[in-house]
Structure formats: structure tokens, C-alpha cells
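Trainee: My structure is below; once you've seen it, I'll send some questions.
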Amino acid sequence: MTGPPRLCHAVPVVTVDTVRGPVDVADLGMTLMHEHVFITTPDVMVNYGDQWWDEEERLADAITKLRGVAELGVRTIVDPTVVGLGRYIPRVAQVNAEVDINIVAATGLYTFADLPPIWHGQGPGTQYGGPEPLTELFLKDIREGIGGTGIRAAFLKGVVEAQGFTPDQTRVQRAIAATHVETGVPITVHTNSAERTGLLALDFYEREGVDLTKVVVGHAGDSNDLDYLRALADRGATLGCDRFGNDTWNTTPRRVATIAALCREGYADRIVLSHDQSCFIDFYAFEASRQTLAKEAPNWHFEHISRDVLPALREAGVSEDQITAMMVDNPRRYFTPA
Ligand SMILES: [Zn+2]
């Protein structure tokens with residue numbers, strides 16, 4: 001949650017909650033707006049995880065990877081891992097205790113279509129009825145903290161995929177919008193650029209009273225369709241150019257050319273950059289998938305933007321001020337209450 005302004009030597013300070021506690025938004029610095037520490041499937045892991053999960057090894061690996069990121073000057077990563085992606089904040093805090101980097105935690109729910117059975121039948125219009133339990137949980141994560149850790153979520157994460165607004169997805173998105181309206185906490189929405197679902201998401205949020213300048217359209221950077229991207233940005237939303245290195249969705253040269261074109265048109269204040277990388281993600285827990293990924297997306301790692309993408313953007317005519325806007329100013333604005 002972004003805290004209320006408080007006075008410090010007569011300079012108003014606005015803070016954003018992170019895993020290590022509140023941080024002045026002015027100190028967020030270079031920010032990767034969509035990265036994950038751990039993506040897991042907890043009920044699969046507790047039953048079968050001995051095939052791929054070694055806790056000590058995974059912690060050490062995450063610490064090494066994030067130290068590498070911090071050494072490149074990145075001060076903050078924004079981690080949209082929520083329920084549905086195995087969010088487990090104590091493990092993230094253990095990593096963060098060993099790495100000098102800000103990690104911003106999220107609340108929300110990751111599903112392409114359906115809610116898990118625990119919530120499917122509870123809530124407005126369902127078998128057992130009652131108030132929407134999701135809204136209450138999202139508010140609790142923001143106001144009291146996540147899972148008894150006291151670590152508060154500072155943004156909301158949801159999904160609008162090709163399946164669109166199924167009945168359960170409508171409930172999730174309505175709960176996300178309601179939580180945003182009540183708290184002012186910003187939203188990052190996973191979208192499917194090929195299906196242009198960013199527009200569906202913005203239409204819905206607008207109807208629900210969401211401030212679209214507080215929405216990052218996640219994975220917009222998978223698209224090179226300038227008409228689609230302008231249509232999102234012209235409504236005030238920020239384009240999540242956040243899968244750098246994952247060439248299976250869009251190659252780095254094409255992502256760079258698209259961003260350079262948008263910057264030439266004056267959209268640098270509507271773009272954020274990231275990799276959608278994870279220190280560990282069980283989608284690729286097995287050797288065959290890792291080998292395929294290594295072949296098809298060899299640059300999909302946390303250091304690609306700092307080492308390769310920023311130089312390529314400069315080469316393509318993007319100015320230092322525009323890079324600062326995308327990496328520092330836009331993230332700070334996103335976490336500053338409207
Ligand atoms: Zn992601």
C-alpha cells in the first residue's frame with residue numbers, strides 16, 4: 001500500500017510498502033516492473049516436489065540471481081506473484097534478507113478462467129451466496145499484511161486472457177477494481193496481446209471506476225501493433241513491455257523497435273520495462289522444458305535489459321531522459337497516490 005504523505009523536514013514523503021518495509025517512492029530508483037522471485041504450485045510441490053525442489057538450493061540460487069540484478073544498479077523489482085502462482089511471502093523475505101533490493105509484493109489472483117473450488121461456490125450469485133470473499137482478502141493483504149507476515153501488498157494483479165470475462169474472472173476483476181477504488185492501490189493486469197485483451201481489461205476497469213493511469217497493461221510489449229498500443233496508452237494506461245528476452249512471444253529487436261517508435265511519438269511516459277523472469281518457475285521444472293527454453297529464449301534472464309536492451313534502445317534513438325522515464329519516473333508515479 002502506498003502510505004499517506006507524512007512530513008519530514010517539511011518535505012512530504014510518500015512511501016510504498018515493500019517486503020523489507022515502507023520505502024520512499026523517490027528511492028525506488030531503477031525498477032523492473034514485472035519479475036517473479038518464485039513461481040510454484042504448492043499442492044503439487046508438497047506431494048511431488050522432491051523431484052525438482054531443494055529449498056536450500058533454490059534460496060541460494062535466488063539470492064545469487066537478485067544480487068546480480070542489484071549489482072547492475074536495479075534498486076527495485078515489482079513481483080506480481082499472487083495466489084494461483086504460489087505466492088509464499090516468508091520465502092521471498094528470506095531471500096530479500098540477503099539481497100539489498102526492494103521487492104514490492106502483490107495481491108490479487110492468477111487464473112485464466114475459473115476460481116478454485118474454495119471460492120467458486122461462495123460469493124454473489126453463487127451456490128452459497130454471501131459477500132465477495134476476494135475483496136476482503138485483497139484489502140487485508142494491503143492493510144494488514146500477507147499471511148500473518150505483516151508484509152503488505154502494494155499493488156493488485158489479475159489476468160484477462162483469451163477466455164475473457166468468464167463468470168469467475170468477472171468476480172476476480174470486480175474485486176480487484178473495488179479494492180483499487182477503495183485503496184487507490186494500482187493494478188497490473190496480465191493480458192494476451194495477440195487477442196488484444198488489454199482493451200477488454202481497460203473497458204471493464206473504466207466501467208468499474210478505476211483510474212486508468214494506475215493500470216499497467218502487462219505483456220503489452222508482446223505486440224508490435226502500434227495502433228493497439230496507442231489505443232491503450234491514449235486512455236492513460238501504462239504499457240508493460242515486460243517480457244524482454246522471451247523471444248517466443250516477441251524478439252528483442254522487434255520489442256526495441258516498437259518501443260523506439262512509441263518514444264518518437266511521445267509515449268515514453270507510458271512505458272515500463274521488465275523481463276517477466278523468475279528465479280525459479282515450475283513451468284520449466286523439468287530438463288526438457290529448460291533445454292527448449294535455453295534454445296528458444298537464450299536471453300531470458302534478469303540482466304538482459306541492463307546489459308543488452310538499454311544499449312539497443314539508445315542505438316535506436318531513445319534518449320537518456322526517455323530511459324529514465326521508463327525505468328525510474330513511471331514506476332515512481334505508478335506507486336504515488338493520484
Ligand atoms: Zn509474470
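Trainee: Here are some residues: Pro90, Pro131, Pro124. Which one is away from the ligand (no atom under 16 Å from the Cβ), exposed (fewer than 14 other Cβ atoms within 10 Å of the Cβ), of a type outside the set (Val, Ile, Thr) and in a helix (DSSP H, G or I)?
Mentor: On the way: Pro131 fails: in a helix (DSSP H, G or I); Pro124 fails: in a helix (DSSP H, G or I).
Answer to the selection: Pro90.
Trainee: In this structure, is Gly84 at pLDDT 95 or above, surrounded by fewer than 21 Cβ atoms within 10 Å (Cβ to Cβ), at positive phi and within 16 Å of the ligand (Cβ to nearest atom)?
Mentor: Values: at pLDDT 95 or above: yes; surrounded by fewer than 21 Cβ atoms within 10 Å (Cβ to Cβ): yes; at positive phi: yes; within 16 Å of the ligand (Cβ to nearest atom): yes.
So Gly84 fits the description; yes.
Trainee: Separate question: I'd like to verify a number: residues in segment 159-169 that are under 20 Å from Leu232 (Cα atoms) and away from the ligand (no atom under 16 Å from the Cβ), how many?
Mentor: Residues of segment 159-169 under 20 Å from Leu232 (Cα atoms): 159-165.
This time we only want the ones that are away from the ligand (no atom under 16 Å from the Cβ), so: 162-165.
Residues in segment 159-169 being under 20 Å from Leu232 (Cα atoms) and away from the ligand (no atom under 16 Å from the Cβ): 4 in total.
Trainee: If you scan segment 36-86, which residues turn out to be among the aliphatic types (A, V, I, L, M), in a helix (DSSP H, G or I) and closer than 24 Å to Pro331 by Cβ? I'd like the intermediate steps shown before the answer.
Mentor: First, the residues of segment 36-86 that are among the aliphatic types (A, V, I, L, M): 37, 39, 44-46, 59-60, 62-63, 66, 69-70, 72, 74, 77-78, 82-83, 85.
Checking which are in a helix (DSSP H, G or I) leaves us with 44-46, 59-60, 62-63, 66, 69-70.
Across segment 36-86, the qualifying residues are Ala62, Ile63, Leu66, Val69, Ala70.
Trainee: Determine whether segment 28-35 contains at least one residue that is of a type outside the set (D, E, K, R), in a strand (DSSP E or B) and within 24 Å of Arg307 (Cβ to Cβ).
Mentor: First, the residues of segment 28-35 that are of a type outside the set (D, E, K, R): 28-34.
Still in the running and in a strand (DSSP E or B): 31-32.
When the remaining residues are screened for being within 24 Å of Arg307 (Cβ to Cβ), the result is 31-32.
Yes, that holds for at least one residue.
Trainee: In the set Ile142, Ile103, which member is in a strand (DSSP E or B) and surrounded by 15 or more Cβ atoms within 10 Å (Cβ to Cβ)? Explain how you work it out, then say what you get.
Mentor: Working: Ile142 fails: in a strand (DSSP E or B).
That would be Ile103, the only listed residue that is in a strand (DSSP E or B) and surrounded by 15 or more Cβ atoms within 10 Å (Cβ to Cβ).
Trainee: Separate question: Working only within segment 241-274, note down all residues that are farther than 16 Å from Pro311 by Cα, within 16 Å of the ligand (Cβ to nearest atom) and not hydrophobic (A, V, I, L, M, F, W, C).
Mentor: Result: Asp242, Arg243, Asn246, Thr248, Asn250.
Trainee: In this structure, does Gly84 turn out to be small (Gly, Ala, Ser) and within 19 Å of the chain's Cα centre (by Cα)? Quick ask: steps written out before the conclusion?
Mentor: Details: small (Gly, Ala, Ser): yes; within 19 Å of the chain's Cα centre (by Cα): yes.
Against the criterion (small (Gly, Ala, Ser) and within 19 Å of the chain's Cα centre (by Cα)), Gly84 qualifies.
Trainee: Still on this structure: So which helices (runs of 4 or more DSSP H) stay within segment 219-338 end to end and still have 1 or more residues that are of a type outside the set (D, E, K, R) and without any contact (Cβ under 8 Å) to a residue 12 or more places away in the chain?
Mentor: Working: elements: 226-233, 252-264, 287-296, 310-315, 320-324, 330-334.
In segment 219-338, the matching helices (runs of 4 or more DSSP H) lie at 287-296, 310-315, 320-324.
Trainee: Within segment 18-71, restricting attention to residues that are surrounded by 13 or more Cβ atoms within 10 Å (Cβ to Cβ) and small (Gly, Ala, Ser), which residue is farthest from Ala325 (Cα to Cα)?
Mentor: Checking each candidate, the answer is Gly49.
Trainee: Next up: Does segment 317-331 hold any residues that are in contact with a strand residue (DSSP E or B) (Cβ under 8 Å, 6 or more places away or on another chain) and more than 13 Å from Leu32 (Cβ to Cβ), and which are they? So that I can check it myself, show each step before the final result.
Mentor: Narrowing segment 317-331 to residues in contact with a strand residue (DSSP E or B) (Cβ under 8 Å, 6 or more places away or on another chain): 325-328, 330-331.
Ala325 - this is the single residue of segment 317-331 that is in contact with a strand residue (DSSP E or B) (Cβ under 8 Å, 6 or more places away or on another chain) and more than 13 Å from Leu32 (Cβ to Cβ).
Trainee: Could you go through segment 135-152 and let me know if any residue there is within 30 Å of Pro22 (Cα to Cα) and of a type in the set (S, T, N, Q).
Mentor: Step one: filter segment 135-152 for residues within 30 Å of Pro22 (Cα to Cα), giving 135-152.
Then drop every residue that is not of a type in the set (S, T, N, Q), which leaves 135, 149.
Within segment 135-152 (the criterion being within 30 Å of Pro22 (Cα to Cα) and of a type in the set (S, T, N, Q)), the answer is yes, since at least one residue qualifies.
Trainee: Determine, yes or no, whether Leu109 is within 15 Å of the ligand (Cβ to nearest atom), farther than 27 Å from Met327 by Cβ and out of contact with any Cys (no Cβ under 6 Å at 6 or more places or on another chain).
Mentor: Numbers: within 15 Å of the ligand (Cβ to nearest atom): yes; farther than 27 Å from Met327 by Cβ: yes; out of contact with any Cys (no Cβ under 6 Å at 6 or more places or on another chain): yes.
Criteria met by Leu109.
Trainee: Also: Take the residues in segment 198-240 that are of a type in the set (Val, Ile, Thr) and away from the ligand (no atom under 16 Å from the Cβ), then tell me which one is farthest from the chain's Cα centre (by Cα). Don't jump to the end; show me each part of the working.
Mentor: Step one: of segment 198-240, the residues of a type in the set (Val, Ile, Thr) are 210, 213, 215-217, 238.
If we keep only those that are away from the ligand (no atom under 16 Å from the Cβ) as well, we get 210, 213.
Details: Val210: 18, Thr213: 16 Å.
The residue in question is Val210.
Trainee: So, one more: List pairs: first in segment 154-182 and farther than 15 Å from Glu206 by Cα, second of a type in the set (D, E, K, R), Cβ under 6 Å, 6+ apart or cross-chain?
Mentor: Ala154/Asp17; Ala162/Glu195; Asp168/Asp114
The values are calculated or read from the model by the stated rules, or taken from the named source; none is laboratory data. Fair warning: this is a prediction, and the values are worked out from it, not measured in the lab. Don't worry about glycine lacking a Cβ; one is built from the backbone with ideal geometry, like all the others, and counts go over all protein chains shown.
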